[in-house]
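**Student:** Below is one structure. I have some questions about it.
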Amino acid sequence: MEELTRGAAGSGIRWTTRDLEVLPENEWIRYEIIDGELFVARAPHRKHQQVCVKIARQLDSWSEASGLGEVVISPGIIFSDTDNVIPDLVWVSRSLLTQTEDEAGHLTAAPELVIEVLSAGPENLRRDREAKLKLYSLKGVREYWIVDRFARQLEVYRRDKAQLVLVITLLEEDEITSPLLPGFGVTVSKFLV
């Protein structure tokens, strides 16, 4: 998502899910809270969305064939009252999905795989590479992919003990595989526009 502004860091203000309920609803604006800090983002660039669709297409095809889970585009994940985000994509196993989906269709616990596609700008990079990486690590995400459509590469973070660590940076001619997705493999270039 493309950054517009972020909450008053260091001001002592901590945003909560209830605070989001009084903000204006607008399909072109997304609100996320990470450790009580509000991030406001506008709808992403068309190419960002195309990358998301390409990734979803590949993961969905594999998921349909394997029957192991499903890919979800822009799901709401409510980890706590002060931590709720909207990642670009997630892959979640069928068993975990049935345990963690609330009545509104939000996830309430960490999916196995989270994927973020970078948008331009230092605030976007900080949010995805620092704030969200830390949050996903703390909440138990098993694997995190950061897709950089500008550098044409994909960073893979995997859980090592209690945190997500960078295990490999793949270039567009490399193949992405995952122990979470047995038999899945596709060249990174198939994700890019």
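**Student:** Could you figure out which of (1) touching a residue at least 12 places away in the same chain (Cβ under 8 Å); (2) touching a strand residue (DSSP E or B) at 6+ places or on another chain (Cβ under 8 Å) isn't true of residue 100?
**Tutor:** With (1) touching a residue at least 12 places away in the same chain (Cβ under 8 Å); (2) touching a strand residue (DSSP E or B) at 6+ places or on another chain (Cβ under 8 Å) applied to residue 100, the lone miss is (1).
**Student:** If you don't mind, another one. Which condition number in (1) free of Cβ contacts under 8 Å to residues at least 40 places away in the same chain; (2) under 22 Å from residue 50 (Cα atoms) is the one that residue 123 fails?
**Tutor:** Condition (1) is where residue 123 drops out.
**Student:** Quick check on this structure: which one of 137, 119 is within 13 Å of the chain's Cα centre (by Cα), surrounded by 14 or more Cβ atoms within 10 Å (Cβ to Cβ), of a type in the set (Ser, Thr, Tyr) and within 20 Å of residue 44 (Cα to Cα)?
**Tutor:** Details: 137 fails: within 20 Å of residue 44 (Cα to Cα).
Answer to the check: 119.
**Student:** If you scan segment 115-167, which residues turn out to be part of a strand (DSSP E or B) and closer than 20 Å to residue 30 by Cα? Even if it seems obvious, please write down each step before you answer.
**Tutor:** Residues of segment 115-167 part of a strand (DSSP E or B): 115-117, 143-148, 153-160, 163-167.
Across segment 115-167, the qualifying residues are 115, 116, 117, 146, 147.
**Student:** Given segment 1-77, what strands (runs of 3 or more DSSP E) lie entirely inside it while holding 2 or more residues that are modelled with pLDDT of 90 or more and open to solvent by less than 30 Å² (accessible area, probe 1.4 Å)?
**Tutor:** It comes to 69-73.
**Student:** When segment 168-187 is examined, which residues are found to be in a strand (DSSP E or B) and either open to solvent by 80 Å² or more (accessible area, probe 1.4 Å) or among the aliphatic types (A, V, I, L, M) (or both)?
**Tutor:** 168, 170, 171, 175, 176, 186
**Student:** Does at least one position in segment 141-150 carry a residue that is open to solvent by less than 60 Å² (accessible area, probe 1.4 Å), at pLDDT 95 or above, out of contact with any Lys or Arg (no Cβ under 7 Å at 6 or more places or on another chain) and over 20 Å from residue 32 (Cα atoms)?
**Tutor:** Within segment 141-150, one or more residues are open to solvent by less than 60 Å² (accessible area, probe 1.4 Å), at pLDDT 95 or above, out of contact with any Lys or Arg (no Cβ under 7 Å at 6 or more places or on another chain) and over 20 Å from residue 32 (Cα atoms).
**Student:** Which members of segment 87-114 meet the condition of being of a type in the set (Val, Ile, Thr), assigned to a helix (DSSP H, G or I) and open to solvent by 20 Å² or more (accessible area, probe 1.4 Å)?
**Tutor:** 98
**Student:** Please work out which one of (1) in contact (Cβ under 8 Å) with a residue 24 or more places away in the chain; (2) open to solvent by 60 Å² or more (accessible area, probe 1.4 Å); (3) assigned to a strand (DSSP E or B) is the condition residue 190 fails and give its number.
**Tutor:** (3)
The values are calculated or read from the model by the stated rules, or taken from the named source; none is laboratory data. Because the structure is predicted, anything quoted here is derived from the model rather than measured. Cβ sites come from the backbone with ideal geometry, for glycine too, and all protein chains shown count toward neighbours. These accessible areas exclude ligands, DNA and RNA; they are computed on the full protein's heavy atoms, side chains included. Shrake-Rupley method; radii C 1.70, N 1.55, O 1.52, S 1.80 Å.
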